[in-house]
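Okay, so here's the structure we're looking at.
The values are calculated or read from the model by the stated rules, or taken from the named source; none is laboratory data. It should be emphasised that the depicted structure is a prediction, and the values quoted were computed from it without experimental measurement. Here Cβ is always computed from backbone atoms with ideal geometry, including for glycine, and neighbour counts include all displayed protein chains.
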Amino acid sequence: MKVRVNKIKGTQIFFSCENGDAICIWKSKAEPTLETTYDVELDINGSISDLQIPNPEVGEYFIHAKLDYSTINGRLESVESDGMGFLRLSDDCLIMIETGSARLSEGQWIKLEIHYSKLVIYGL
């Protein structure tokens with residue numbers, strides 16, 4: 001996923017991407033540079049059942065920041081037998097996430113509300 005770093009506050013990063021903007025934690029060895037675009041891997045520390053909020057926007061990928069939280073809307077591509085899910089956040093971004101106790105089906109649209117401390121990016 002390509003992100004542009006807009007603001008840096010310690011390890012807290014405010015970034016924008018093709019689907020919106022978010023707040024997260026930067027976990028790469030190299031320090032981020034303001035106004036620079038990076039290829040990153042996005043990781044969500046939590047399960048869908050813990051982070052899911054109602055009324056996803058069907059057919060629309062987005063990520064929006066508000067205060068200390070980011071709201072992400074994506075489509076569940078698949079769920080493995082061990083409960084690991086694959087959530088598509090954009091045409092070029094697919095992440096692994098635990099489903100927890102949520103009852104989900106492939107193709108389902110999911111909306112998550114994530115505190116910035118649970119949303120982590122790693123520079124590639």
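Numbers at a glance
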read-out: In the stretch 71-90, residue surrounded by the most Cβ atoms within 10 Å (Cβ to Cβ) [restricted to those that are of a type in the set (S, T, N, Q) and in contact with an Asp or Glu (Cβ under 9 Å, 6 or more places away or on another chain)]; value: Asn73
read-out: Hits in the stretch 1-12 - residues which are at pLDDT below 95 and crowded, with 17+ Cβ neighbours inside 10 Å; value: Met1
read-out: Conditions (1) in contact with a His (Cβ under 7 Å, 6 or more places away or on another chain); (2) surrounded by 14 or more Cβ atoms within 10 Å (Cβ to Cβ): number failed by Asp68; value: (2)
read-out: Those residues of the stretch 94-117 which are surrounded by 13 or more Cβ atoms within 10 Å (Cβ to Cβ) and either of a type in the set (A, V, I, L, M) or within 9 Å of the chain's Cα centre (by Cα) (or both), in sequence order; value: Leu94, Ile95, Ile97, Ala102, Leu104, Ile110, Leu112, Ile114
read-out: Qualifying residue in the stretch 42-59 (condition: surrounded by fewer than 19 Cβ atoms within 10 Å (Cβ to Cβ), of a type in the set (Ser, Thr, Tyr) and within 16 Å of the chain's Cα centre (by Cα)); value: yes
read-out: All strands (runs of 3 or more DSSP E) inside the stretch 1-46 with 2 or more residues being more than 18 Å from Lys66 (Cα to Cα) and touching a Lys or Arg at 6+ places or on another chain (Cβ under 8 Å); value: 37-44
read-out: Leading residue by the ranking (farthest from the chain's Cα centre (by Cα)) among those in the stretch 81-93 that are of a type in the set (D, E, K, R) and at pLDDT 90 or above; value: Asp82
read-out: Condition check for Ser78: more than 16 Å from the chain's Cα centre (by Cα) and in contact (Cβ under 8 Å) with a residue 60 or more places away in the chain; value: no
read-out: Qualifying positions in the stretch 63-80 - out of contact with any Pro (no Cβ under 7 Å at 6 or more places or on another chain), under 18 Å from Gly107 (Cβ atoms) and not basic (Lys, Arg); value: Ile72, Gly74, Leu76, Glu77, Ser78, Val79, Glu80
read-out: Candidates Ile23, Ile63, filtered to the one that is in contact with a helix residue (DSSP H, G or I) (Cβ under 7 Å, 6 or more places away or on another chain), buried (at least 19 other Cβ atoms within 10 Å of the Cβ) and hydrophobic (A, V, I, L, M, F, W, C); value: Ile23
read-out: Test result for Ala65, among the aliphatic types (A, V, I, L, M) and part of a loop (DSSP other than H, G, I, E, B); value: no
read-out: Given (1) of a type in the set (D, E, K, R); (2) closer than 25 Å to Leu104 by Cα; (3) modelled with pLDDT of 95 or more, number of the condition Glu41 does not satisfy; value: (3)
